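Here is the structure we will look at, set down as structure tokens.
The values are calculated or read from the model by the stated rules, or taken from the named source; none is laboratory data. What you see is a predicted model; the values in this text were computed from it and never measured. FYI the Cβ positions are ideal-geometry reconstructions off the backbone, even for glycines, and counts take in every protein chain you see. To get the accessible areas, we keep the full protein, side chains included, count just its heavy atoms, and leave off ligands, DNA and RNA. Shrake-Rupley method; radii C 1.70, N 1.55, O 1.52, S 1.80 Å.
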Amino acid sequence: MAFCTQTLAGIARDCQTNQGGIREAYIGNYIDGAFTVSAGTITEINSGASFYHYTFKKDTGSFTSTLNVDNANGINYVSTEINFVFSRMETLKRIEMAALALGDLIVVVKDANGKYWAFGVEEPVNASAGSAQTGVARGDANQYTITLLDNAASFPMELSSSAITALEAAVTEPTSANS
């Protein structure tokens, strides 16, 4: 009987502090081959890729990557849900939510630790859920939420410093405040 083996290297204990959440996002229309990958890192954002900058209130953005394994069928993939909350319902945001819901997308998020993560490396990211709510009481949130879904062979890949520079050059700032 043959066994599948992987080269293991171990993981050292990390003694640095660490924060949860997403600070900002960069979203564009999907382009096959938008990212160049080398040694498991995004090293380049290829010409033709363009992004729009999305910002939101602190503690309202996140992503969760889940490893899905079915040994009997030989299935192994990572499903990532990227969640954004945009406060205050208004027409420009409603139109943007509709565009995000219909699009084939590429996404880069900057987490609260200052690291950039890419989604849509292998195939487009698509919306999987969303909502608009007024809340009930005066102190309740009035907001839009959207969940984007990425399915990939591995966990999200980090951008190198040169890819971050290329990302910044490919960004169009919003015409209205996304808060």
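With contributions of -39500 (n - 2.57) from each DSSP H run of at least four residues, the per-residue ellipticity at 222 nm computed over the chain stands at -3500 deg cm²/dmol.
With each label modelled as a point 7 angstrom along the Cα→C-beta vector, the Ile75-Ile11 pair spans 2.4 nm.
For Phe155, project a label point 7 Å along Cα to C-beta. Then give me every residue of the stretch 102-121 with its amide nitrogen under 19 Å of that point. Taking a point 7 Å out along Cα→Cβ of Phe155, the residues of the stretch 102-121 whose backbone N falls under 19 Å are 108-121. FRET efficiency for the pair Ala137 and Glu24, taken as 1/(1 + (r/R0)^6) with r the Cβ-Cβ distance and R0 = 35 Å, rounds to 0.75. The Ser87 and Thr43 beta-carbon pair, evaluated with R₀ = 35 Å, returns a calculated FRET efficiency of approximately 0.50. Report, to the nearest whole %, how much of the accessible area of the chain belongs to carbon and sulfur atoms, 1.4 Å probe, protein only. The C+S portion of the solvent-accessible surface of the chain is 50 percent.
Remark: relative contact order (the stretch 28-161) = 29 percent; criterion is Cα-Cα distance under 8 angstrom and separation of 6 or more residues. On a 0 to 90 degree scale, rounded to 10, what angle separates helix 91-102 from the longest Cα axis of the chain? For 91-102 against the chain, the angle is about 30 degrees. Under 5 Å from the amide H of Ser128 lie the amide H atoms of Thr147, Leu148, Leu149, each residue being 5 or more positions distant or on a separate chain, with H modelled from the backbone and absent for Pro and chain starts.
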